[in-house]
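Structure, as C-alpha cells:
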Amino acid sequence: MQLEAILEYQKIDGQIVNLEKDLAQNPYKLKCTQLSQTAKDSQVKSSQLEQQAGSILREMDELKKTIASTKKHGEDLLKKNVESLSVDKINENLATKDKVVQNLALLDKRLTKLAESINQVLADYNKTVKNYNEAKAQYQKYKTAYDEAALAVQPKIDELKLKLASIAKKVPADVMEIYNKKRADKIFPVFVKAMGNNCGRCRMELSASALSKLKRENILVCENCRSVIYQD
Ligand SMILES: [Zn+2]
C-alpha cells in the first residue's frame with residue numbers, strides 16, 4: 001500500500017483536528033453547554049413547582065369548603081329554639097358546638113400552613129424562572145463570543161482544506177476511503193507507524209500473529225484503537 005501521500009495528507013489534516021479540538025474546548029463553548037443544562041434543569045424544576053402549587057391550591061379549596069360547612073353546622077346549632085329543647089339536648093348541642101369550634105381552629109391552622117407553603121412554592125418558582133432567564137441571557141452572550149472565535153479560525157481551516165484537496169489527488173482511492181471512514185469514526189491519527197512491537201497510537205503490544213501479519217502485509221488494523229499500523 002502506497003502511504004506516502006496519505007501521510008502528508010494526515011499531517012495537514014492533523015492541524016485541522018487540532019483547531020477543531022481547540023474550538024471544542026473553547027471556554028465559551030463549555031460555558032454554553034453548562035448554561036443550556038442550567039436552563040433545562042430550571043425548566044424541569046419550574047414545571048414541578050407548578051404542579052406542586054396546583055395541588056396545594058386544590059387542597060386549600062377543599063379545606064375552605066370544609067371550613068364553610070363546619071361553620072354553617074355551628075350556626076345551625078345556635079339557631080335552634082332553646083325553649084323547645086330538653087336539658088339533655090341543650091347540653092348535647094353545647095358539646096357539639098364546642099367540638100365544632102375546636103375543629104374550626106384546627107382547620108384554620110391547616111389553612112394557614114397551606115398558605116405558607118404556597119407562598120414558599122411561589123417564591124421558589126419565581127427564583128427558578130429568574131435563573132432560567134439569566135441562564136438564557138448569558139448563554140446568548142457566550143454563544144456570540146464562541147461564534148466569533150469559530151469564525152476567526154474558519155479562514156485557517158479553509159486554507160488547510162484547500163491544501164488537503166490538492167494532496168488528495170495523489171492519494172490512491174482505496175487508501176483515501178479507509179482514511180475517510182476512520183476519520184469519520186473520530187480515529188486520529190488514522191495511520192500510525194509501529195513502535196517496535198507496539199501500536200504507535202495506543203501503545204498496545206501486538207500479538208505474535210498480528211506482528212507476522214504486519215510483516216506480511218505491511219499494514220494492520222490495531223485491535224485496540226482501530227488505527228491502521230504500518231511499518232517502514
Ligand atoms: Zn492501537
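For segment 35-42, state whether one or more residues are over 30 Å from Gln154 (Cα atoms), modelled with pLDDT of 95 or more and surrounded by 15 or more Cβ atoms within 10 Å (Cβ to Cβ). So far as segment 35-42 goes, yes, one or more of its residues are over 30 Å from Gln154 (Cα atoms), modelled with pLDDT of 95 or more and surrounded by 15 or more Cβ atoms within 10 Å (Cβ to Cβ). When residues in segment 215-229 are screened for being of a type outside the set (Lys, Arg) and more than 12 Å from the ligand (Cβ to nearest atom), 3 of them pass.
Six or more apart or on different chains, Cβ under 8 Å: which pairs go from a residue in segment 56-74 that's closer than 13 Å to Asp108 by Cα to one that's of a type in the set (D, E, K, R) and assigned to a helix (DSSP H, G or I)? Could you list them? Short answer, once both residue conditions are applied: Leu63/Arg110; Ile67/Asp108. The residues on offer are Lys143, Lys136, and the sole one that is at pLDDT 95 or above, over 21 Å from Leu23 (Cβ atoms) and in contact with a helix residue (DSSP H, G or I) (Cβ under 6 Å, 6 or more places away or on another chain) is Lys136. Where strands (runs of 3 or more DSSP E) fall wholly inside segment 163-232, the ranges with 2 or more residues that are surrounded by 18 or more Cβ atoms within 10 Å (Cβ to Cβ) and at pLDDT 95 or above are 191-193, 228-230. Of the residues making up segment 192-204, none is out of contact with any Gly (no Cβ under 6 Å at 6 or more places or on another chain) and more than 16 Å from the ligand (Cβ to nearest atom).
The values are calculated or read from the model by the stated rules, or taken from the named source; none is laboratory data. Since the model is a prediction, treat every value here as computed from it, not as a measurement. Glycine also receives a Cβ, built like all others from the backbone with ideal geometry; neighbour counts cover every protein chain displayed.
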